[in-house]
Amino acid sequence: MSEREIAVVTGASRGVGRGVALALGDAGMRVYVTGRTRGEGLSIDTVAAEIDRRGGEGVPVPVDHTDDAQVEALFARVKEEAGRLDVLVNNVFAIPKERMWGLPFWELPIGIWDQMHEVGLRSHYVASVFAAPMMVAAKRGLIANVSSFAGAGFQLNVAYGVGKAGVDRLAADMAHDLAPHGVTSVSLWPGIVRTEWVMSQDELPFSTEVSESAEFTGRAVAALSSDLDVLRKTGRRLIVAELAEEYGFDDVDGTRPPSLRALAREQKERA
(Lines give C-alpha, C1' and ligand atoms only; values in the text may rest on other atoms or scores of the structure.)
Protein backbone atom coordinates (compact mmCIF):
# COMPACT_ATOMS: atom_id res chain seq x y z
CA MET A 1 0.00 0.00 0.00
CA SER A 2 1.35 3.38 -1.01
CA GLU A 3 2.34 5.89 1.68
CA ARG A 4 1.48 8.75 -0.67
CA GLU A 5 -2.03 10.12 -0.86
CA ILE A 6 -3.74 8.56 -3.85
CA ALA A 7 -5.71 10.68 -6.32
CA VAL A 8 -7.57 10.10 -9.57
CA VAL A 9 -8.08 13.09 -11.86
CA THR A 10 -10.34 12.45 -14.84
CA GLY A 11 -9.82 14.26 -18.11
CA ALA A 12 -6.37 15.45 -17.12
CA SER A 13 -4.52 15.71 -20.42
CA ARG A 14 -5.35 19.43 -20.69
CA GLY A 15 -7.38 22.25 -19.19
CA VAL A 16 -8.47 22.33 -15.57
CA GLY A 17 -7.80 18.60 -15.19
CA ARG A 18 -4.19 19.05 -16.20
CA GLY A 19 -3.76 21.92 -13.74
CA VAL A 20 -5.35 19.95 -10.91
CA ALA A 21 -3.17 16.92 -11.57
CA LEU A 22 0.00 19.03 -11.56
CA ALA A 23 -0.96 20.79 -8.34
CA LEU A 24 -1.63 17.46 -6.64
CA GLY A 25 1.80 16.38 -7.85
CA ASP A 26 3.21 19.43 -6.07
CA ALA A 27 1.48 18.10 -2.94
CA GLY A 28 3.39 14.83 -3.30
CA MET A 29 0.45 12.64 -4.25
CA ARG A 30 0.35 9.64 -6.54
CA VAL A 31 -1.97 10.88 -9.29
CA TYR A 32 -3.72 8.57 -11.72
CA VAL A 33 -4.17 10.75 -14.79
CA THR A 34 -6.96 9.74 -17.18
CA GLY A 35 -7.75 10.79 -20.70
CA ARG A 36 -7.57 9.57 -24.28
CA THR A 37 -4.56 11.48 -25.60
CA ARG A 38 -1.17 9.76 -25.44
CA GLY A 39 2.33 10.73 -26.52
CA GLU A 40 3.88 14.19 -26.74
CA GLY A 41 2.21 17.57 -26.29
CA LEU A 42 -1.00 17.83 -24.30
CA SER A 43 -1.38 14.24 -23.16
CA ILE A 44 -1.72 12.09 -20.07
CA ASP A 45 1.89 10.97 -20.56
CA THR A 46 3.37 14.45 -20.43
CA VAL A 47 1.22 15.33 -17.40
CA ALA A 48 2.38 12.20 -15.56
CA ALA A 49 6.01 12.99 -16.36
CA GLU A 50 5.61 16.55 -15.05
CA ILE A 51 4.01 15.22 -11.85
CA ASP A 52 7.08 13.03 -11.34
CA ARG A 53 9.35 16.03 -11.90
CA ARG A 54 7.46 17.99 -9.25
CA GLY A 55 7.93 15.36 -6.59
CA GLY A 56 4.71 13.42 -6.95
CA GLU A 57 4.09 10.19 -8.79
CA GLY A 58 2.21 10.34 -12.07
CA VAL A 59 0.42 7.31 -13.48
CA PRO A 60 -1.08 7.81 -16.96
CA VAL A 61 -4.12 5.62 -17.59
CA PRO A 62 -5.84 5.80 -20.98
CA VAL A 63 -9.59 5.87 -20.35
CA ASP A 64 -12.52 6.61 -22.61
CA HIS A 65 -15.06 7.90 -20.10
CA THR A 66 -17.96 6.92 -22.35
CA ASP A 67 -17.02 3.28 -21.70
CA ASP A 68 -18.13 2.20 -18.22
CA ALA A 69 -15.99 -0.94 -18.37
CA GLN A 70 -12.84 1.15 -18.84
CA VAL A 71 -13.79 3.32 -15.87
CA GLU A 72 -14.43 0.28 -13.71
CA ALA A 73 -11.06 -1.15 -14.73
CA LEU A 74 -9.36 2.13 -13.75
CA PHE A 75 -10.60 1.93 -10.17
CA ALA A 76 -9.90 -1.78 -9.95
CA ARG A 77 -6.30 -0.96 -10.90
CA VAL A 78 -6.11 1.77 -8.27
CA LYS A 79 -7.36 -0.65 -5.62
CA GLU A 80 -4.90 -3.34 -6.67
CA GLU A 81 -1.86 -1.06 -6.92
CA ALA A 82 -2.50 1.46 -4.14
CA GLY A 83 -4.96 -0.27 -1.84
CA ARG A 84 -7.00 2.88 -1.32
CA LEU A 85 -8.24 6.13 -2.86
CA ASP A 86 -8.04 9.47 -1.05
CA VAL A 87 -9.14 11.95 -3.72
CA LEU A 88 -11.28 11.73 -6.84
CA VAL A 89 -11.49 14.82 -9.03
CA ASN A 90 -14.35 14.52 -11.50
CA ASN A 91 -13.30 16.87 -14.26
CA VAL A 92 -13.60 15.13 -17.64
CA PHE A 93 -15.65 17.14 -20.11
CA ALA A 94 -16.22 17.18 -23.86
CA ILE A 95 -16.01 20.57 -25.56
CA PRO A 96 -18.05 20.48 -28.79
CA LYS A 97 -16.30 21.45 -31.99
CA GLU A 98 -19.17 23.76 -32.85
CA ARG A 99 -19.24 27.29 -31.49
CA MET A 100 -21.20 27.04 -28.25
CA TRP A 101 -22.46 30.58 -27.78
CA GLY A 102 -24.23 33.38 -29.60
CA LEU A 103 -27.18 31.29 -30.79
CA PRO A 104 -30.43 30.31 -29.06
CA PHE A 105 -30.68 26.68 -28.02
CA TRP A 106 -33.03 25.72 -30.87
CA GLU A 107 -30.42 26.73 -33.42
CA LEU A 108 -27.66 24.60 -31.88
CA PRO A 109 -27.18 20.91 -32.73
CA ILE A 110 -29.05 18.64 -30.32
CA GLY A 111 -25.90 16.54 -30.13
CA ILE A 112 -24.22 19.25 -28.05
CA TRP A 113 -26.54 18.31 -25.18
CA ASP A 114 -25.66 14.62 -25.40
CA GLN A 115 -21.94 15.23 -25.78
CA MET A 116 -21.57 17.57 -22.81
CA HIS A 117 -23.82 15.56 -20.53
CA GLU A 118 -22.35 12.15 -21.32
CA VAL A 119 -18.69 13.17 -21.06
CA GLY A 120 -19.32 15.39 -18.06
CA LEU A 121 -22.26 14.85 -15.75
CA ARG A 122 -22.75 11.16 -16.48
CA SER A 123 -18.99 10.50 -16.41
CA HIS A 124 -18.77 12.08 -12.96
CA TYR A 125 -21.55 9.84 -11.68
CA VAL A 126 -19.99 6.67 -13.09
CA ALA A 127 -16.52 7.43 -11.72
CA SER A 128 -18.02 8.15 -8.31
CA VAL A 129 -19.92 4.84 -8.35
CA PHE A 130 -16.67 2.93 -8.74
CA ALA A 131 -14.63 5.17 -6.42
CA ALA A 132 -17.04 5.29 -3.50
CA PRO A 133 -16.61 1.72 -2.18
CA MET A 134 -12.89 2.28 -1.51
CA MET A 135 -13.56 5.53 0.31
CA VAL A 136 -16.50 4.15 2.27
CA ALA A 137 -14.41 1.21 3.40
CA ALA A 138 -11.69 3.59 4.62
CA LYS A 139 -14.26 5.95 6.20
CA ARG A 140 -12.55 8.91 4.57
CA GLY A 141 -12.02 10.50 1.17
CA LEU A 142 -12.80 13.52 -0.99
CA ILE A 143 -14.79 13.65 -4.22
CA ALA A 144 -14.34 17.07 -5.85
CA ASN A 145 -16.60 17.73 -8.83
CA VAL A 146 -15.45 20.51 -11.15
CA SER A 147 -18.45 22.68 -11.95
CA SER A 148 -18.90 26.34 -12.86
CA PHE A 149 -20.73 29.56 -12.09
CA ALA A 150 -22.95 28.43 -14.98
CA GLY A 151 -24.73 26.23 -12.46
CA ALA A 152 -26.31 29.37 -11.01
CA GLY A 153 -26.82 31.57 -14.07
CA PHE A 154 -26.67 31.57 -17.85
CA GLN A 155 -23.28 31.02 -19.49
CA LEU A 156 -22.51 29.94 -23.06
CA ASN A 157 -25.71 27.95 -23.75
CA VAL A 158 -28.61 26.07 -22.19
CA ALA A 159 -27.03 22.62 -22.32
CA TYR A 160 -23.84 23.82 -20.64
CA GLY A 161 -25.63 25.50 -17.76
CA VAL A 162 -28.01 22.60 -17.15
CA GLY A 163 -25.05 20.21 -17.10
CA LYS A 164 -23.18 22.29 -14.51
CA ALA A 165 -26.31 22.66 -12.37
CA GLY A 166 -26.54 18.88 -12.55
CA VAL A 167 -22.96 18.54 -11.33
CA ASP A 168 -23.81 20.72 -8.35
CA ARG A 169 -26.85 18.59 -7.53
CA LEU A 170 -24.81 15.41 -8.02
CA ALA A 171 -22.27 16.60 -5.46
CA ALA A 172 -24.98 17.54 -2.97
CA ASP A 173 -26.96 14.31 -3.32
CA MET A 174 -23.86 12.10 -3.19
CA ALA A 175 -22.93 13.96 0.00
CA HIS A 176 -26.21 12.77 1.55
CA ASP A 177 -25.23 9.13 0.99
CA LEU A 178 -21.51 9.51 1.73
CA ALA A 179 -21.47 11.71 4.84
CA PRO A 180 -22.42 8.90 7.28
CA HIS A 181 -19.29 7.09 6.06
CA GLY A 182 -16.94 10.05 6.56
CA VAL A 183 -16.57 10.79 2.83
CA THR A 184 -16.82 14.35 1.51
CA SER A 185 -18.44 15.36 -1.80
CA VAL A 186 -18.21 18.96 -3.00
CA SER A 187 -18.70 21.00 -6.14
CA LEU A 188 -15.91 23.39 -7.16
CA TRP A 189 -16.47 26.65 -9.01
CA PRO A 190 -13.31 28.02 -10.64
CA GLY A 191 -13.39 31.54 -12.03
CA ILE A 192 -12.38 32.34 -15.61
CA VAL A 193 -9.61 29.82 -16.21
CA ARG A 194 -6.84 30.34 -18.74
CA THR A 195 -7.09 26.89 -20.26
CA GLU A 196 -5.53 26.04 -23.59
CA TRP A 197 -8.98 26.13 -25.19
CA VAL A 198 -9.87 29.54 -23.75
CA MET A 199 -6.56 31.09 -24.77
CA SER A 200 -6.85 29.66 -28.30
CA GLN A 201 -10.18 31.35 -29.05
CA ASP A 202 -10.24 34.45 -31.25
CA GLU A 203 -13.46 35.62 -29.61
CA LEU A 204 -15.05 34.81 -26.26
CA PRO A 205 -18.33 35.86 -24.62
CA PHE A 206 -16.42 36.85 -21.48
CA SER A 207 -13.26 38.72 -20.51
CA THR A 208 -10.08 37.03 -19.30
CA GLU A 209 -8.85 40.21 -17.62
CA VAL A 210 -9.74 38.71 -14.23
CA SER A 211 -8.71 35.09 -14.59
CA GLU A 212 -6.75 32.29 -13.00
CA SER A 213 -4.54 29.38 -13.97
CA ALA A 214 -5.78 25.81 -14.11
CA GLU A 215 -3.47 24.94 -11.21
CA PHE A 216 -5.35 27.33 -8.92
CA THR A 217 -8.21 24.81 -8.76
CA GLY A 218 -5.70 22.05 -8.03
CA ARG A 219 -4.33 23.99 -5.09
CA ALA A 220 -7.88 24.23 -3.77
CA VAL A 221 -8.26 20.45 -4.02
CA ALA A 222 -4.95 19.92 -2.22
CA ALA A 223 -6.04 22.29 0.56
CA LEU A 224 -9.37 20.51 0.97
CA SER A 225 -7.67 17.13 1.05
CA SER A 226 -5.35 18.21 3.86
CA ASP A 227 -8.20 19.70 5.93
CA LEU A 228 -8.96 17.24 8.73
CA ASP A 229 -12.38 18.84 9.16
CA VAL A 230 -13.29 18.91 5.46
CA LEU A 231 -16.48 16.91 6.04
CA ARG A 232 -18.10 20.09 7.33
CA LYS A 233 -18.08 21.35 3.74
CA THR A 234 -19.73 18.30 2.21
CA GLY A 235 -22.54 18.92 -0.24
CA ARG A 236 -21.55 22.54 -0.78
CA ARG A 237 -20.68 24.58 -3.87
CA LEU A 238 -17.23 26.02 -3.17
CA ILE A 239 -15.69 28.93 -5.07
CA VAL A 240 -11.99 28.33 -5.69
CA ALA A 241 -10.99 31.97 -5.08
CA GLU A 242 -12.82 31.98 -1.75
CA LEU A 243 -11.08 28.77 -0.72
CA ALA A 244 -7.78 30.54 -1.46
CA GLU A 245 -8.72 33.22 1.06
CA GLU A 246 -9.74 30.63 3.64
CA TYR A 247 -6.73 28.34 3.26
CA GLY A 248 -4.15 30.96 2.29
CA PHE A 249 -2.87 29.72 -1.05
CA ASP A 250 -2.00 31.77 -4.14
CA ASP A 251 -2.06 31.15 -7.87
CA VAL A 252 1.11 30.05 -9.67
CA ASP A 253 2.11 33.65 -10.37
CA GLY A 254 1.90 34.62 -6.71
CA THR A 255 -1.38 36.52 -7.08
CA ARG A 256 -4.69 35.66 -5.47
CA PRO A 257 -7.48 36.10 -8.04
CA PRO A 258 -10.69 37.58 -6.63
CA SER A 259 -13.95 35.71 -6.34
CA LEU A 260 -16.27 36.44 -9.24
CA ARG A 261 -19.12 36.43 -6.73
CA ALA A 262 -17.40 39.17 -4.73
CA LEU A 263 -16.76 41.18 -7.90
CA ALA A 264 -20.40 40.89 -8.93
CA ARG A 265 -21.48 42.02 -5.47
CA GLU A 266 -19.18 45.06 -5.64
CA GLN A 267 -20.47 45.99 -9.09
CA LYS A 268 -24.06 45.75 -7.88
CA GLU A 269 -23.33 47.94 -4.87
CA ARG A 270 -21.71 50.59 -7.10
CA ALA A 271 -24.64 50.57 -9.56
*Determine the distance separating the Cα centre of the stretch 1-80 from the Cα centre of the stretch 216-271; give it in Å without decimals.*
24
*asked:* Tell me the mean residue ellipticity at 222 nm calculated for the chain from its helices only (DSSP H runs of n ≥ 4, each -39500 (n - 2.57), averaged over every residue, nearest 500).
replied: -13500 deg cm²/dmol
_Accessible-area value, Ile192, 1.4 Å probe, nucleic acids and ligands omitted, Å²_ = 40
*In whole Hz, with x marking every Gly and Pro, tabulate ³J(HN,Hα) for the stretch 126-131 from phi via Karplus 6.51 cos²θ - 1.76 cosθ + 1.60, θ = phi - 60°.*
5, 4, 5, 4, 7, 7
*Say the cut-off is 25 Å between C-alpha atoms; which of Lys139/Lys164; Lys79/Lys164; Lys139/Lys233 go over it?*
Lys139/Lys164; Lys79/Lys164
*asked:* Keeping every protein chain present and rolling a 1.4 Å probe, give me the accessible area per residue for the chain in Å².
replied: 47
*Accessible heavy-atom area order of Trp189, Trp106, highest first, probe of 1.4 Å*: Trp106, Trp189
_Using a 1.4 Å probe on the protein heavy atoms only, what accessible surface does Glu245 show? Give it in Å² to the nearest 10._
110
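The values are calculated or read from the model by the stated rules, or taken from the named source; none is laboratory data. Just so you know, these numbers come straight off a predicted model, no measurement behind them. Side chains included, ligands, DNA and RNA excluded: accessible areas come from the protein's heavy atoms. Shrake-Rupley method; radii C 1.70, N 1.55, O 1.52, S 1.80 Å.
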